[in-house]
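The values are calculated or read from the model by the stated rules, or taken from the named source; none is laboratory data. What you see is a predicted model; the values in this text were computed from it and never measured. Cβ sites come from the backbone with ideal geometry, for glycine too, and all protein chains shown count toward neighbours.
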Amino acid sequence: MDILIVNNAKIPVQLYGGTERVIWDLGKELSGLGHRVSFLVQGGSHCDFAPVRFLDERRPVIDQIPKQYDVVHFHFEPPLVESFERPYLITMHGNANDLRKLDRNTVFVSNNHAERYGSTAFVHNGLDWNDYTSPDLHVERTYFHFLGKAAWRVKNVKGAIEVVKATEAERLRVLGGVRFNVKMGLRFTFSPRIRFYGMVGGTLKHVLLNGSKGLIFPVRWHEPFGLSIIESLYYGCPVFGTPYGSLPELVSDEVGFLSNRSNDLSMAILQSGNYSKRRCHEYACDVFNSRRMALDYLKNYEQVINGGHINPLSPALLQGQTQKFLEWLE
């Protein structure tokens with residue numbers, strides 16, 4: 001199969017890059033399965049396992065796609081895609097809070113994500129764990145961590161800090177945020193038990209995750225998926241978060257605890273040692289790997305190549321979110 005993956009970003013990812021990391025691992029896995037993979041992405045990108053074409057922002061995306069591909073996999077919905085006459089798929093990675101109809105070939109990244117748009121079509125994200133250092137599940141763990149873009153208020157780094165500060169001695173490493181942040185309303189965090197690392201990637205990120213007792217992830221929106229969750233699980237970290245979006249789907253009682261009450265999470269993290277690091281790691285490896293993701297997408301590719309649609313009707317958000325932030329209680 002000749003597959004073109006399209007995304008309006010650069011590859012490879014250097015630091016955060018959620019969607020970019022996913023499409024890189026997807027392309028590599030598809031290539032390893034014997035398919036011919038190409039990328040259409042932003043200028044400055046490069047790839048050692050697949051040809052790369054550069055997007056021209058002056059032209060419609062669909063006009064830049066040669067006819068040689070069996071299927072085109074968009075990772076955003078390009079304008080006029082409904083007029084595209086060749087087999088295609090669109091993965092929606094984020095949230096939209098409007099009631100517009102989406103394309104019938106839209107796939108979501110979790111069951112909850114799909115259900116909120118009246119769809120049953122989803123493929124869980126997966127990562128190539130060979131790109132990560134092997135975890136040391138026996139190393140002493142001395143702190144918890146937050147992982148995500150802390151400047152996004154829905155990620156609720158403030159809540160993660162509250163959870164830790166309510167304990168007597170637990171500590172938090174914030175990966176993806178800084179101590180002084182103008183965007184969050186002049187947020188200052190003075191506690192010496194909270195350390196900030198900004199956007200981190202590569203070996204430093206892996207080392208920090210491997211030293212953690214668990215991920216504190218009190219999001220205040222319906223998280224579509226959450227790569228932070230599976231990366232943390234891979235390093236043996238149970239997840240302590242809110243019961244919103246994909247979290248109940250990804251985080252069972254065996255690998256974490258969910259509540260939208262700060263006090264509940266503060267109590268729960270004191271029991272982090274009761275979770276099996278080995279089980280967390282094996283769960284991430286077995287369920288959220290790039291091979292499984294690629295095989296699931298191949299089924300969708302075959303469906304559209306054979307003339308079918310992914311959804312019988314156009315997906316649309318069933319209910320808009322009226323409050324800016326989902327409930328977070330003490």
Check: So which residues in region 136-145 are in a strand (DSSP E or B) and under 21 Å from residue 282 (Cα atoms), if there are any at all?
Finding: 144, 145
Item checked: Qualifying residue in region 257-268 (condition: in contact (Cβ under 8 Å) with a residue 40 or more places away in the chain, more than 18 Å from residue 111 (Cβ to Cβ) and hydrophobic (A, V, I, L, M, F, W, C)) -> yes
Item checked: Selected residue [in contact with a His (Cβ under 8 Å, 6 or more places away or on another chain), at pLDDT 95 or above and not in a helix (DSSP H, G or I)] from 167, 133, 120 -> 133
Margin query: Condition first: under 26 Å from residue 171 (Cβ atoms), in contact with a Leu (Cβ under 9 Å, 6 or more places away or on another chain) and among the small types (Gly, Ala, Ser). Can you find one or more residues in region 283-306 that meet it?
Written below: yes
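Residues checked against (1) within 30 Å of residue 30 (Cα to Cα); (2) of a type in the set (S, T, N, Q); (3) touching an Asp or Glu at 6+ places or on another chain (Cβ under 8 Å):
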| residue | (1), (2), (3) |
| --- | --- |
| 259 | no, yes, no |
| 263 | no, yes, yes |
| 270 | no, no, yes |
| 279 | yes, no, yes |
| 286 | yes, no, no |
| 289 | yes, yes, yes |
| 292 | yes, no, no |
Next item on the list: Please work out if residue 207 is among the hydrophobic types (A, V, I, L, M, F, W, C), modelled with pLDDT of 95 or more and outside any helix (DSSP H, G or I).
Entry: no
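Yes/no matrix, rows are residues, columns are (1) surrounded by fewer than 21 Cβ atoms within 10 Å (Cβ to Cβ); (2) of a type in the set (Asp, Glu):
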| residue | (1), (2) |
| --- | --- |
| 216 | no, no |
| 236 | no, no |
| 239 | no, no |
| 247 | no, no |
| 256 | no, no |
| 271 | yes, no |
| 284 | no, no |
| 296 | yes, yes |
| 303 | yes, no |
Note to self: Going by what's in this entry, would residue 109 be described as among the β-branched types (Val, Ile, Thr) and touching a residue at least 60 places away in the same chain (Cβ under 8 Å)?
What the structure shows: yes
Check: Hey, among the residues in region 254-291 that are of a type in the set (Phe, Trp, Tyr) and assigned to a loop (DSSP other than H, G, I, E, B), which one's nearest to residue 225 (Cα to Cα)?
Finding: 288
Margin query: Can you go through 274, 263, 306, 289 and tell me which one is of a type outside the set (Lys, Arg) and within 19 Å of residue 160 (Cα to Cα)?
Written below: 263
Checklist line | The listed residue being of a type outside the set (D, E, K, R), in contact with a strand residue (DSSP E or B) (Cβ under 7 Å, 6 or more places away or on another chain) and within 30 Å of residue 319 (Cα to Cα), out of 248, 238 | finding: 248
